[in-house]
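Written below as structure tokens is the structure these notes are about.
The values are calculated or read from the model by the stated rules, or taken from the named source; none is laboratory data. Being a predicted model, the structure only gives us computed values, none of them experimental. All Cβ positions, even for glycine, are placed from backbone atoms using ideal geometry, and neighbour counts span all protein chains on display. These area figures cover heavy atoms from the full protein model, side chains too; ligands, DNA and RNA do not enter into them. Shrake-Rupley method; radii C 1.70, N 1.55, O 1.52, S 1.80 Å.
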Amino acid sequence: EAGVTQFPSHSVIEKGQTVTLRCDPISGHDNLYWYRRVMGKEIKFLLHFVKESKQDESGMPNNRFLAERTGGTYSTLKVQPAELEDSGVYFCASSQDSGAYNEQFFGPGTRLTVL
Amino acid sequence: AQSVTQLGSHVSVSEGALVLLRCNYSSSVPPYLFWYVQYPNQGLQLLLKYTSAATLVKGINGFEAEFKKSETSFHLTKPSAHMSDAAEYFCAVRMGGYQKVTFGTGTKLQVIP
């Protein structure tokens, strides 16, 4: 069974440009999460989808970030326009249900560098 | 509110020596606690999780962690380090009823031959 996949693995863009990150969760997982790790700091929660609905987007830093999950399958995270402080590793995770001990399975991350 | 503190951003041990990675948590309600590991160029992998069934939790690759409520700690240990244990380790906490996981800043483990 394939794990969580993310594309691209690396992205280098200039300040002001737009970047779209994609996450494909494990098949059948209704829950999808985005996290971000800025260099040297902790991994921080961005948002949580249940199917196509945003369940919790309390961690989204500002309105330059837009996450979508049309059809409840893969998700995209768009940053527009990108700023220097957006650089970091963006992780996606998925889980089968929302139970108390549900395990979130993480993808390898997308390393975003904004110059 | 919930938070996690990992003491030591870098830890070095000799091969065969005890591994001890420290984690203290803060949570207003009984927490769910996790340890994740990230090997180079890979995603986060769950090592073990505390589910309140037992205070001593055994995970993969010979790791274990003990939940100590009085000390608000969830330290990760392994009796004998192996070269393949070199990775970054993250302690994490989740409050019941909420899905988001709060991570510590991570500890990079170096194993010296």
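Express the relative contact order of the range B:24-99 as a whole percentage, based on alpha carbon pairs under 8 Å and six or more residues apart in sequence. If you can, show how the numbers build up before the last one.
Details: 124 pairs, mean separation 29.5, N = 76.
Across the range B:24-99, relative contact order equals 39 percent.
Output the relative contact order of the range A:1-87, whole-number percent, from Cα pairs under 8 angstrom with separation of 6+ residues.
Values: 154 pairs, mean separation 27.0, N = 87.
Here the relative contact order equals 31 percent.
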Among residues of the range A:25-52, a drop of 30 Å² or more in 1.4 Å probe accessible area, assembly relative to the chain on its own, occurs for A:Tyr35, A:Arg37, A:Glu42, A:Ile43, A:Phe45
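Place the peptides A:3-12, B:10-19, A:34-43 in order of packing, highest mean first, counting for every residue the other Cβ atoms within 10 Å and averaging per peptide.
Numbers: A:3-12: 15.5, B:10-19: 13.8, A:34-43: 18.2.
Per-residue Cβ counts within 10 Å, averaged per peptide and sorted highest first, yield A:34-43, A:3-12, B:10-19.
For the cross-link pairs A:Lys78/B:Lys100; B:Lys49/B:Lys108; A:Lys15/B:Lys108; B:Lys68/B:Lys108; A:Lys41/B:Lys49, which exceed 28 Å when the distance is taken from alpha carbon to alpha carbon?
Numbers: A:Lys78/B:Lys100 20 Å; B:Lys49/B:Lys108 19 Å; A:Lys15/B:Lys108 31 Å; B:Lys68/B:Lys108 23 Å; A:Lys41/B:Lys49 22 Å.
Check vs 28 Å cut-off fails for A:Lys15/B:Lys108.
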